[in-house]
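For reference, the structure discussed in these notes is given below.
Nothing in this text is a laboratory measurement; each read-out follows from the coordinates by a stated rule. None of the values given here were measured: they were computed from a predicted structure. Quick reminder, even Gly has a Cβ in these numbers, built from the backbone with ideal geometry, and neighbours come from all protein chains shown.
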Amino acid sequence: MTFYVNNLCFDYGSAPVFNEVGFELPPGSVCGVLGVNGAGKSTLLKCLIRILDPSRGEVRLNGLDLRSMPRRKLSRYAAYVPQSTGAQLLSVFDTVLLGRKPYITWAPSRRDLAMVEKILTTMHLDHLALRPAGSLSGGELQKVTIARALAQEPELLLMDEPTSSLDLKNQIAVMDRISDVVVSQGLTAVVSMHDLNLAFRHADFFLLLNNGAMHAFCPREEVTPEMIREVYGIPVALERVRGHTVVVPLDSHQPREAMRPSLVKTG
Amino acid sequence: MEYIDTRQGGRCEDPGPVARLYGASIARRSLMFSGLCLLLIVLAVWAVTVGSYHLSILDVVRSLLGVETGTAHIVVWSIRLPRIVAAMVAGCGLGLSGLVTQSLLKNPLASPFTLGINQGAACGAAFAIVVLGVGGLEQGAVAASATQAWPLHGMCAVTLCAFLGAMAATVVILILARLRGMSPESVILAGIALSALFTSGTILIQYFASEIELAAVVFWAFGDVARSSWQELWILGCVTLAVLVYFLLNRWNLNALAAGEDEAQALGVNVTGLRLTGMILATLVAALVTAFHGVIAFLGLLAPHIARRLVGGDHRLLLPFSCLIGALLLLGADTAGRLLVGSGALPVGVLTSFMGAPLFLFLLVRGINR
């Protein structure tokens, strides 16, 4: 089960957003899509699941052509988690049940209901099941959206900055959960990320976008500080801390001395 | 693809406590639906009994069953029942039309009134009455003119022109929306611009009208359910039912669209196609209601909002609830109007505006506090 993208291009009329993106991912792997704001990360993800129509190129999952597949069938193979979802009146249970929509013809089966329950329980959302999704906090809502994507039983997970509205604890929890699912079920995940440290922690492959072109695609181990400097425009060092690679931005300024709080005299 | 069963080793056939809780919440709202249905039936039967000609419940039931054949039968079948059925069917249609325009455009302000459909119909009717010089108000709409030699005559022409006006508004909005890439905000703005255009068109026509024509135009614009024949009711009822079935078939798609356009596409919904077909059907119903019954303001906005308060955002429940609440509100308002004035002269459109606007504001304020 491989995810294969070749020569993918997209433009808004005359302005090209990205050109000739191509990569291949094995099952059970997470690919981090990185680049500065406006590099086309979100656009690339939307092209992969046909929310936007690429101008040319090939997208294949296990040899199946995703670009010519009927939409309903596509939604059984690939799931999409947007950057943010609007406030909505649908209950959490209904929202996750929507993930079963590609399989439901008239009414949800017992299996659909049981699966939603199972996913809600594993993601610790069961106590919120009947609340309107719009009344949840940003982090909870993001987890609900991920739960909905998992309910689609996809083989390909596309996520647009899934951790953007989460605090540190939830960032790690959500990304760990995604990594677990990806590895245990042999899925392929393409995740756009802002946080380089998070990418080094969870992504097996790096796809670096720069100025509408693919700057590099390589396994995590082969990412060099030069690549990151070329894409983000600032020099960095990659350090190992307790087994994790962390990115340290380097610039001409030395770290500022810590300020001491000055006592304010009262009376 | 067996995501949970095999790989996580869990059995997937038995819904657990959360799913049961969810099932119970659906069942509770279904029960509420049955209760409201019962309320509608009771209200309808009671509405047949009230009025200037006194009828007992027994008379009504006997007339409905065809046992009674005297004056009671005529009063029930020719005067009260068409009006009551018209109120229910028109209310149902407006509730449906309002709900789906709001859902498809993802805008709580969308309704036949804010999209300029009502104003288009009023302008069309004014055009027919003043410029074409047709439409004596003493005739019933479609049925009465069927006997006449020239089909484009009388109330039929007025109804037809009103329908064309409403559809003109619809088509302009759809074309504009298509050019602007169907952005929901631009659709509402286009609707407001069109409302202003059609309203000034109506005023212009009224300026050149004679006193009698002017009275006819103004009287037409009052939303009124008393002017329908059984023939029109059949047309309206069948169209509303067909459109309701279409949207019920698309209820999951509407739910997906509520989650967001991108999400809906990723869940397999053809969003552009659903929007276009849905808007055409929803405005068709609104245009028919307005052509037959005049401008019934606020109902298309109010009914879906009440339905959302009652059952939340699930279109599986929202669609029937919005229809039912529309029917209840319009029948209630019409019956209240008949009781208030006595002879049945107060048009229901006046009452829906009077009652609807404060009720709507109340709902908004409640919503902010919650």
Number of partner chain Cβ atoms within 10 Å, mean per residue of A:88-96: 6
Within chain B, longest stretch free of exposed GluC sites (Glu not before Pro) [DSSP loop, at most 16 other beta carbons within 10 Å]: B:139-370
Extent along principal axes [Cα atoms of region B:90-369; Å; largest to smallest]: 56, 43, 33
Region B:344-364 versus region B:43-87: alpha-carbon centroid distance in Å: 26
Length-normalised contact order for chain A - Cα pairs under 8 Å, 6+ apart - percent: 24
Where GluC sites (Glu not before Pro) fall in DSSP loop in region A:164-261, at most 12 other Cβ within 10 Å: A:Glu257
Farthest toward positive dipole pole in region A:3-224 [+1 Lys/Arg, -1 Asp/Glu at C-beta], among A:Tyr4, A:Cys31, A:His127: A:His127
25 Å Cα-Cα threshold exceeded, pairs from A:Lys118/B:Lys106; A:Lys169/B:Lys106; A:Lys46/A:Lys101; A:Lys46/A:Lys118; A:Lys41/A:Lys101: A:Lys118/B:Lys106; A:Lys169/B:Lys106; A:Lys46/A:Lys118; A:Lys41/A:Lys101
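Report the relative contact order of region B:233-370, percent, no decimals, based on alpha-carbon pairs under 8 angstrom and at least 6 residues apart.
On the way: 94 pairs, mean separation 31.8, N = 138.
Value for region B:233-370: 23 percent.
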Leading residue at positive end of dipole, region A:3-224 (Cβ point charges), from A:Gly99, A:Pro82, A:Pro54: A:Gly99
Taking N as its residue count, the alpha carbon Rg of chain A over 2.2 N^0.38 Å: 1.11
Residues B:Thr101, B:Thr240 arranged by fewest to most Cβ contacts within 10 Å: B:Thr240, B:Thr101
Of the DSSP H helices in chain B, those whose Cα atoms cover at least 24 Å axially and whose Kyte score averages -0.5 or more: B:17-49, B:81-105, B:154-179, B:184-207, B:230-249, B:271-293, B:315-341, B:348-369
Electrostatic dipole magnitude of region A:3-224 [Cβ: Lys, Arg +1; Asp, Glu -1; Cα centre; debye, to 20]: 740
Charge sum, other residues only, whose C-beta stays under 13 Å from B:Gly51's C-beta, Lys/Arg counted +1 and Asp/Glu -1: +1
Cβ-placed point charges (K, R +1; D, E -1), dipole of the protein assembly as shown about Cα centre in debye, nearest 20: 1000
Exposure proxy order (Cβ contacts within 10 Å, fewest to most) of B:Val48, A:Val247, B:Val158: A:Val247, B:Val48, B:Val158
Separation in nanometres of the label points that stand 7 Å from Cα toward Cβ, at A:Val246 and B:Leu359: 6.2
Relative compactness, the protein assembly as shown, computed as alpha-carbon Rg over 2.2 N^0.38 Å: 1.18
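Treat the count of other C-beta atoms within 10 Å as a stand-in for reagent exposure and order A:Asp11, A:Asp204, B:Asp224 from fewest to most.
A:Asp11, A:Asp204, B:Asp224
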Region B:90-369 - charge dipole about Cα centre, Lys and Arg +1 at Cβ, Asp and Glu -1, debye rounded to 20: 500
Dipole of region A:166-267 [Lys/Arg +1, Asp/Glu -1 at C-beta], most positive-end residue of A:Pro235, A:Leu168, A:Leu208: A:Leu168
Relative compactness, region A:137-267, computed as alpha-carbon Rg over 2.2 N^0.38 Å: 1.33
For the protein assembly as shown, calculated [θ]222 nm from helices alone, where every DSSP H run of n ≥ 4 adds -39500 (n - 2.57): -18000 deg cm²/dmol
